[in-house]
Amino acid sequence: MSQYLDTLNPEQREAVETLDGPLLVLAGAGTGKTRVLTARFAHLLVSGRARPWEVLSVTFTNKAAREMRERVGAILGRPVEGLWLGTFHALCARMLRRRAELVGLTSSFTILDTDDQMRLLKQVMQAAGIDLKRWPEKGMMAEIQRWKDRGLTPARVTAAEDTDYAANRGRAIYEAYQQRLRELNAADFGDLLLHMTEILRTHPEVLAEYHRSFRYILVDEYQDTNLVQYLWLRLLAQRPDPEPQNICCVGDDDQSIYSWRGAEIENILRFEKDFRGAKVVRLEANYRSTRPILGAAAGLIARNTGRLGKTLRPGRADAEGEKVRVVSLWDSEEEARMVGERIEAARRAGHDLSEIAILVRTGAQTRSFEERLIVLGLPYRMVGGQKFYERAEVRDAMAYLRVLHQPADDLAFERIVNTPKRGLGDSGLRAIHDLARAEQIPLAAAAARIVEGDALKPKPRTALRELMQGFARWRQVNEKDGHVVAAATVLEESGYTAMWQDEAARKNIEAQGRLDNLKELLRAMGDFASLAGFLDHVALVMENDENAEGARVQMMTLHAAKGLEFDTVFLPGWEEGLFPSQRSLDEGGEKALEEERRLAYVGITRARKRAIISHAANRRIYGTWSGAIPSRFLQELPEEMVTREGGAAARAQRDTPSVFGGAGLLARRPTRVIEAGAWEVRERPAQTTGFRRGDRVFHEKFGYGTITDVADDRCEVAFDKADTKRLLDRFLKPASEA
Ligand code: ATP
Ligand code: MG
């Protein structure tokens, strides 16, 4: 039973066995903090110190909570029930259900999603006569969330803090918003913590009850707690004398990456002050990664100032390993090809796909990798987000393009006819539907006819007429200037892009990411000869969305990768403006840059055996190329820990059958030469295809066929069971390999 203790090193064991009093485990990545927390949990139960429901444990994600539950169960040899184990929000929601009446709610209160929150706030502001053009509700919501992150109820917001918004009326709006929530018996996400903290602050009898029941508190990823979370923890942990304050927090200041969500690194520094007799344990041996990976990460993070300072040394017996690879590529497409080839080679060598991760800085980056993996038939999972072509803004844009191409596409038309809002209420939409049904014509045709009559009110009628005239004009643009220009024009003139730009201006934090995705969509279109070709391609991509069982490549943002580990980690897009992000550069300060560097540190330290960092020398925007400067973080990696590969080095590499250098499926394509280690890349990609006329090929959607013509990287293929088509060669495989 005590086997779980035997596998710990002395420092870890000390952290597990020091059960009385406050304990802070401050240690670098991969040193076993999470493992210590799990072992400690099990130890509390095994030693009889606590019963399962007497331990309160906080994890950063629901997934981490599940994992901890499973591991504790495994150590105990039986499933454990009745645990208070989850994220701050999940734990608070559960507590608040039992105490809801103390904040004027009932136990069945609703938790509102962001849309509902925003609508409610808007109503409140309208009722208060606020000029929403000047003071949009999004900005107000951000302010309210900041207050909530700091544990400030309306009553606790001081006049001095109410200067940012709506001419000092922010506090009053906040108060009215909270009042409306109460009337609706609802709470927003931030309320879960705010209400619970307020209850603990103002109801000593409730606090005393929790003090009796939660005898031990465990907190993972402590460096990313915000103020209200900290207050909540402190209230629960500060049990009155002579009760011991049994709180154990584990964290790493170098991995604090959520300051934009209000996380406060100072919470670590406060710990020793707030908890009398706090003990600090440091763990220094990293059991996750090889020596070069650790060396690279340590060298990078050493550039940050104001660190608490920790030692990190390899703790694995087999810590020697490959150096970190830094690969320079021509453009993002080649970058995706490089990643795809290496993963393909890994699969052939029998590697487990779920041990391979692609970690990106922003969501829009995933598109090229997703398409590459699909072409190669490599299943992948998008962790903590949606696949590119499933994202709402991409679907909207695609719907515009589908209507452009095919006016009878009713589903697509329905999606966009009132997006952005054109003032078509239910009755307007019904009128279009009724006419379409009565006349047996497509919705778009019905709409075109309806704008000529007076069935619609003047405003929506004008808006709809503009849309229909727009489509006619955009089709001409498509004929004349091609599909990429047409698509850009559609998104622009339909008001769709403007809608998200507005959102961005209103400080909707998601909006910028959505705009980036739209740009990425236009970029993707450039790879296709026509709109039809592109639409077919996307249909194929979506269809490919298999329910494949078994292992999949893991794709996610760096933020979502915190706490996780993989054998192989790809870190693409290390370019100035992308990583570090443009935002952090614009802010100019060292602070934002240091957070980006911590994010890079988190990324590298996810890897057990291999880390492959890459950057592209060019990014294409609307068909024009612009040079990209390699990320400063690349230069900050200690030279002795990395090998740098350019195109030339990469090609030589492919000829040697090593695990990740093995000839991939598409290696026959000539690769442009990039001087190894050189940042400047001059040559354009060689665009000739490896196929010749007469070759037998296979395409995932159209099946087998014979090449009838080749031009650049496009092949005309006479398919056995489909019409002749012109396709990019990268969507074709030699028939022998299919
Ligand atoms: P992060 O900072 O990334 O959250 P962490 O400090 O929480 O990392 P863990 O995830 O707990 O680190 O551990 C990293 C890896 O090292 C895990 O695979 C874990 O099982 C392993 N490990 C931890 N301690 C030991 C040990 N004493 N012996 C062998 N393996 C260990
Ligand atoms: Mg951890």
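The values are calculated or read from the model by the stated rules, or taken from the named source; none is laboratory data. Fair warning: this is a prediction, and the values are worked out from it, not measured in the lab. So basically every Cβ, Gly included, is an ideal-geometry build from the backbone, and we count neighbours across all protein chains shown. Ligands, DNA and RNA are excluded from the accessible area calculation, which covers all protein heavy atoms including side chains. Shrake-Rupley method; radii C 1.70, N 1.55, O 1.52, S 1.80 Å.
Quick notes
- Gyration tensor verdict on segment 458-561 (Cα atoms; rounded if a/c is under 1.5, prolate if a/b is larger than b/c, oblate otherwise): oblate
- For the chain: rounded, prolate or oblate by the Cα gyration tensor [a/c cutoff 1.5]: oblate
- Residue order for 733, 323 - accessible surface, 1.4 angstrom probe, largest first: 323, 733
- Selection from 117, 204, 31, by position along the positive dipole direction of the chain (Cβ): 204
- Using the Cβ-Cβ distance between residue 182 and residue 266 with R0 set to 25 Å, the FRET efficiency works out to roughly 0.20.
- Entry comment: accessible area of the chain is 43 Å² per residue, from protein heavy atoms only and a probe of 1.4 Å.
- Leading residue at positive end of dipole, segment 519-613 (Cβ point charges), from 568, 554, 537: 568
- Ordering 374, 295, 271 by the projection of their Cα atoms onto the charge dipole of segment 253-375, which places +1 on the Cβ of Lys and Arg and -1 on the Cβ of Asp and Glu, puts 271 at the extreme positive end.
- The peptide list 605-613, 299-307, put in order of mean Cβ contacts within 10 Å with the highest first, becomes 605-613, 299-307.
- Scalar couplings 3J(HN,Hα) for segment 718-726, obtained by applying the Karplus form with A = 6.51, B = -1.76, C = 1.60 to θ = phi - 60°, are 8, 7, 5, 10, 8, 5, 5, 9, 9 Hz; x denotes Gly and Pro.
- Segment 420-439 versus segment 1-69: alpha-carbon centroid distance in Å: 60 Å
- Within segment 168-237: Cβ-based charge dipole about Cα centre, in debye rounded to nearest 20 (Lys, Arg +1; Asp, Glu -1): 240 debye
- Cα centre as origin, Lys/Arg/Asp/Glu Cβ charges: segment 418-465 dipole, Debye: 240 debye
- Extension gain, residue 704 to residue 115, is 207.3 nm, computed as 0.36 nm per intervening residue step minus the present C-alpha separation.
- Residue 212 versus residue 426: modelled label distance in nm, points set 7 Å from Cα along the beta carbon direction: 5.2 nm
- When each of 148/591; 122/148; 33/138; 133/480 is checked by Cα-Cα distance, pairs over 28 Å: 33/138; 133/480
- Segment 370-413 and segment 329-366 have Cα centres lying 20 Å from one another.
- Whole-Hz couplings from phi, Karplus 6.51/-1.76/1.60, listed for segment 252-259; x for Gly and Pro: 8, 4, 6, 10, 7, 10, 10, 4
- When the helices of the chain are scored as -39500 (n - 2.57) per DSSP H run of n ≥ 4 and the total is divided over every residue, the value at 222 nm lands at -13500 deg cm²/dmol.
- Among beta bridges that DSSP assigns inside the chain, antiparallel share in %, nearest 5: 35 percent
- With every protein chain in place, segment 390-479: carbon and sulfur % of accessible area (1.4 Å): 49 percent
- Sequence-distant residues sharing a close amide H with residue 152 (under 5 Å, placed H): none
- Rounded Å value of the spacing that divides the Cα centres of segment 557-636 and segment 225-265: 29 Å
- Amide H contacts for residue 23 (H built 1.01 Å from N in the peptide plane; partners 5 or more residues away or on another chain; cut-off under 5 Å): 247, 248, 249, 279.
- Long-range amide H partners of residue 424 with built H, under 5 Å: none
- Added length on full extension, which subtracts the Cα-Cα distance from 0.36 nm per residue, residue 551 to residue 507: 12.0 nm
- Relative contact order (%) - criterion: Cα under 8 Å, at least six apart; region: the chain: 15 percent
- Filter on 323/733; 310/519; 387/507 - keep pairs with C-alpha separation over 31 Å: 323/733; 310/519
- Taken about its Cα centre, segment 1-122 carries a charge dipole of about 260 debye when Lys and Arg each add +1 at the Cβ and Asp and Glu each add -1 at the Cβ.
- Remark: spin-label model distance residue 70-residue 97 equals 2.4 nm, labels positioned 7 Å along the Cα→Cβ axis.
- For segment 384-527: rounded, prolate or oblate by the Cα gyration tensor [a/c cutoff 1.5]: prolate
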